[in-house]
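First comes the structure, then the notes that go with it.
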Amino acid sequence: MSAQSSKAHIKVAWSQHLLTRPRGFAMARENGFVLAWDEFCLYLLDRRGARQAQRQMPAGIAVACSADDGSAYAVLGGNGKLRWLAPDLSERWLHSLGSPAVAAALDPLGQYIAVADASGDLRILDRHGRSISKTRTPRPLRHVAFLPAAPFIIGCADYGLAACFDCLGRCIWRDGLVAHVGSLAVDSDGDQIVLACFSEGIQLYDGKGKNKGRLHLAEPCRLASISYDGKWILTVNLKNRLALIDQSGRELLEYRLEKSAIAVAIGPLGNHAVAALSNGHILGLSLREGE
């Protein structure tokens, strides 16, 4: 993928408008479906942006997440209740955690969920709602993700901590990261763990906790997403400029977003991406011809 050919082919493939400002979204990387949410409603979009399902959540939405295979979704309300949802967003079970969640992630096959709350607890539950573990972290985790190739959870605080836990809540490794973190993403085999660290650029770890250094970008980076094969990283800076970079940090293409990005995700092979904007638009972006 050359810089010249990429810039010639990037385009908006589809656009979906929510009624209010989106709070976030999660991409099921195997089928490309997108679970987006605002304060009180979930929206399920297919990879062409067509709305497949919608569900009102009167108690409000704190955070939601998706399994990579699209077999399960989960939504957590501000009242501390966790709802496990089927692929059509129908409810399978409801569990009260007692504390409002700030971050959550489903494993790729929808078997487990990791939930972090503001008090510093990290909980692991299985797909039946049974508690597997509960552990207290040194700082509250603001971002969590499962490593697809191993039964581990990566988490990071907004400042000062990146760590890895097993499903029993045991800390496998931790690092005192001296940077503010805006987002966390992982590739398929856990060899690339990507943290968007604002003025510090992109911080990289592998699944064993090895600090792989930083990609120092020309501009501060507040959001980042990595392709499933680990070859491409999508970034968003403080001026709403979206950029695709390779593993060395070389910029291949850019796209100027009309409004601030709430969240971004790149497809598993780096050929498409999705961005949620503060004006209510969800954009599907084609990064290659015909995608």
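Values quoted throughout were computed directly from the atomic coordinates according to the rules given, and no laboratory measurement underlies them. Just so we're clear, the structure is a prediction, and the values are computed from it rather than from any experiment. Every residue, glycine among them, receives a Cβ derived from its backbone with ideal geometry; neighbour counts consider all protein chains shown.
In this simple spin-label model, placing a label point 7 Å from the Cα along the Cα-to-Cβ direction at both D175 and T20 gives a separation of 3.8 nm.
Would you work out the relative contact order for the stretch 89-185, in percent, from Cα pairs under 8 angstrom that are 6 or more residues apart?
Over the stretch 89-185, the number comes to 20 percent.
Working from Cα pairs under 8 Å separated by at least six residues, relative contact order for the chain is 15 percent.
Calculated from DSSP H runs of 4 or more alone, at -39500 (n - 2.57) each and per residue, what is the 222 nm mean residue ellipticity of the chain, nearest 500? The partial results should precede the final answer.
On the way: 1 runs with 7 residues, N = 291.
Taking each H run of at least 4 residues, the total per residue is -500 deg cm²/dmol.
Computed over the chain with a Gaussian network model linking Cα atoms closer than 10 Å, the most mobile of W84, W14, W232 is W14.
With the convex hull of its Cα atoms as the shape, the stretch 20-221 has an orientation-averaged projected area of 10.7 nm².
The stretch 211-284 and the stretch 11-42 have Cα centres separated by 16 Å.
Here the Karplus relation 6.51 cos²θ - 1.76 cosθ + 1.60, evaluated at θ = phi - 60°, turns the backbone of the stretch 231-243 into coupling constants of 7, 10, 10, 9, 10, 10, 9, 6, 9, 6, 9, 8, 9 Hz, with x for every Gly and Pro.
Nearest 20 debye, what's the magnitude of the dipole of the chain about its Cα centre given +1 on Lys and Arg Cβ and -1 on Asp and Glu Cβ? Could the numbers behind the result be given before it?
Details: 33 positive and 28 negative charges, 99 e Å.
It works out to roughly 480 debye.
Between S133 and K210, the simple spin-label model (points 7 angstrom out along Cα→Cβ) gives 2.3 nm.
If each of N279 and A149 carries a label point 7 Å out from its Cα toward its Cβ, how far apart are those two points in nm? Taking the two extended label points, one gets 4.1 nm.
Greater than 29 Å separation of Cα atoms is the criterion. Which listed pairs, K11/K239; K134/K239; K134/K259; K208/K231; K134/K210; K208/K239, meet it? Show your work: numbers first, answer last.
Values: K11/K239 19 Å; K134/K239 39 Å; K134/K259 39 Å; K208/K231 19 Å; K134/K210 25 Å; K208/K239 34 Å.
Beyond 29 Å between Cα atoms: K134/K239; K134/K259; K208/K239.
Please state the shape class of the stretch 85-184: rounded when a/c is under 1.5, otherwise prolate if a/b exceeds b/c and oblate if not, all from the C-alpha gyration tensor.
Numbers: a/c = 1.79, a/b = 1.63, b/c = 1.10.
Prolate, since a/c reaches 1.5 and a/b exceeds b/c.
For the stretch 191-221, the residues whose amide N sits under 15 Å from a probe point set 7 Å from the Cα of Q247 along the beta carbon direction are 191-194, 204-207, 212-215.
Between L195, L238, L45, the Gaussian network model of the chain with springs among Cα atoms under 10 angstrom shows the greatest mean-square fluctuation at L238. Length gained on full extension, E258 to R288, computed as 0.36 nm times the residue gap minus the Cα-Cα distance: 8.7 nm.
The ranking of D229, D46, D88 from fewest to most other beta carbons within 10 Å of each one's beta carbon is D88, D229, D46.
Using a 10 angstrom cutoff on alpha carbons, build the Gaussian network for the chain and name the most mobile of T235, T137, T20. Comparing T235, T137, T20 in a Gaussian network model of the chain, the most mobile one is T20.
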